[in-house]
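Asks: Here it is, the structure, as structure tokens.
The values are calculated or read from the model by the stated rules, or taken from the named source; none is laboratory data. The shown structure was predicted, so the numbers you read here are calculated from the model rather than taken from an experiment. Note that we place each Cβ from the backbone using ideal geometry, even for glycine, and neighbour counts take in every protein chain shown. Note: accessible area is taken over every heavy atom of the protein model, side chains too, but ligands, DNA and RNA are not part of it. Shrake-Rupley method; radii C 1.70, N 1.55, O 1.52, S 1.80 Å.
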Amino acid sequence: MSIWVRVEGQKQLATPNLVAGESIYGEKLVKHDDEEYRVWDPFRSKLAAALKNGLRADTIRTGTTILYLGASTGTTVSHVSDIVGITGLVFAVELASRVGRELIENVARKRKNVVPILEDARRPNSYFSIFGRVDVLYCDIAQQDQTEIAIQNSQTFLKVGGSIFLIVKTRSIDVIANPKLVIRDQVRKLEDNDFSVEQVINLEPFDKDHAIIRATYNHVQN
Ligand code: SAM
């Protein structure tokens, strides 16, 4: 889990460092109760921004298995890896090969709980390294059809009762529409596909034009 630490007089989020002494993207390392933590920057990670704005993410905890779509170079993935620890797993999907290589070099090589999957999230049947179903699906791919992609991946890999965290980049879905209407449309799509939406959190002032939707998957599998 993440905790609050004081750094230079300011309250900041931090996660227990799974690889002692290693910083991934220049974040500060701090000691708290004899343990090393990595400061989690809400301007660099939308999950940290959402937690600062009141997101409840207690389904991401020690031992959680998570399918993470849009891993990029692994900034947020690395903090999620700290939180789930050695008994959890992060299946990190990324399409772009250049950032995918950085994800492998900087994050997955040293963190045995991160499994990089260099594939297109539109083709979940091509992820051969995933076995069974996961507890959590996290989606941050900034595509127009991101909600449909998240739903398709949930149907393939998410446990019944599992959680989804969907970052909505309102402008990548529709550059003109009112962001509130864009979010309402994504909520409706989730509700039409067996999700119950629990929270919608705006990420300002850390991130402009982004929100996160937290929902539970209630689909009954045959
Ligand atoms: N989640 C990252 C973080 O917090 O550190 C940032 C993700 S960035 C906004 C979006 C990423 O999604 C990019 O690296 C992009 O290459 C990736 N992406 C876009 N479309 C994708 C797809 N169809 N399949 C997999 N990854 C995709």
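Asks: Give me the pairs: first residue in region 23-49 and touching a residue at least 60 places away in the same chain (Cβ under 8 Å), second residue assigned to a helix (DSSP H, G or I) and open to solvent by 40 Å² or more (accessible area, probe 1.4 Å), beta-carbon distance under 7 Å, and six or more apart or on different chains, which are they?
Replies: Qualifying pairs under 7 Å: ILE24/ASN106; PRO42/LYS52.
Asks: Among the listed residues TYR37, TYR68, TYR25, identify the single one that is under 23 Å from ALA121 (Cβ atoms) and not in a loop (DSSP other than H, G, I, E, B).
Replies: On the way: TYR37 fails: under 23 Å from ALA121 (Cβ atoms); TYR25 fails: not in a loop (DSSP other than H, G, I, E, B).
Every option except TYR68 fails the conditions.
Asks: Could I ask something else about it? State yes or no: is ALA57 within 8 Å of the ligand (Cβ to nearest atom), modelled with pLDDT of 95 or more and assigned to a loop (DSSP other than H, G, I, E, B)? Lay out the reasoning, then the answer.
Replies: On the way: within 8 Å of the ligand (Cβ to nearest atom): no; modelled with pLDDT of 95 or more: yes; assigned to a loop (DSSP other than H, G, I, E, B): yes.
Considered against the rule, which asks whether it is within 8 Å of the ligand (Cβ to nearest atom), modelled with pLDDT of 95 or more and assigned to a loop (DSSP other than H, G, I, E, B), ALA57 comes out as no.
Asks: In addition: Do you know which residues across region 40-53 are open to solvent by 40 Å² or more (accessible area, probe 1.4 Å) and part of a loop (DSSP other than H, G, I, E, B)?
Replies: Across region 40-53, the qualifying residues are ASP41, PHE43, ARG44, ASN53.
Asks: Quick one: which residue in ARG123, ARG44, ARG98, ARG111 is at pLDDT 95 or above and closer than 19 Å to LEU158 by Cβ?
Replies: Details: ARG44 fails: closer than 19 Å to LEU158 by Cβ; ARG98 fails: closer than 19 Å to LEU158 by Cβ; ARG111 fails: closer than 19 Å to LEU158 by Cβ.
Testing whether each residue is at pLDDT 95 or above and closer than 19 Å to LEU158 by Cβ leaves just ARG123.
Asks: When region 103-113 is examined, which residues are found to be under 12 Å from VAL77 (Cα atoms) and either of a type in the set (Ser, Thr, Tyr) or without any contact (Cβ under 8 Å) to a residue 60 or more places away in the chain (or both)? Walk me through it before giving the result.
Replies: The first filter runs over region 103-113 and keeps only residues under 12 Å from VAL77 (Cα atoms), leaving 103-104, 106-108, 111, 113.
Scanning region 103-113 gives LEU103, ILE104, ALA108.
Asks: Tell me, yes or no, whether region 182-197 has at least one residue that is modelled with pLDDT of 95 or more and within 17 Å of the chain's Cα centre (by Cα).
Replies: yes
Asks: Could you please let me know if GLU35 is open to solvent by 30 Å² or more (accessible area, probe 1.4 Å) and either within 16 Å of the ligand (Cβ to nearest atom) or within 19 Å of LEU166 (Cα to Cα) (or both)? Break it down stepwise before answering.
Replies: Details: open to solvent by 30 Å² or more (accessible area, probe 1.4 Å): yes; either within 16 Å of the ligand (Cβ to nearest atom) or within 19 Å of LEU166 (Cα to Cα) (or both): no.
Spelling it out, it is not the case that GLU35 is open to solvent by 30 Å² or more (accessible area, probe 1.4 Å) and either within 16 Å of the ligand (Cβ to nearest atom) or within 19 Å of LEU166 (Cα to Cα) (or both).
Asks: Moving on. Got a sec? Which helices (runs of 4 or more DSSP H) wholly within region 127-222 have at least 2 residues that are under 25 Å from VAL114 (Cβ atoms) and open to solvent by 40 Å² or more (accessible area, probe 1.4 Å)?
Replies: 146-157
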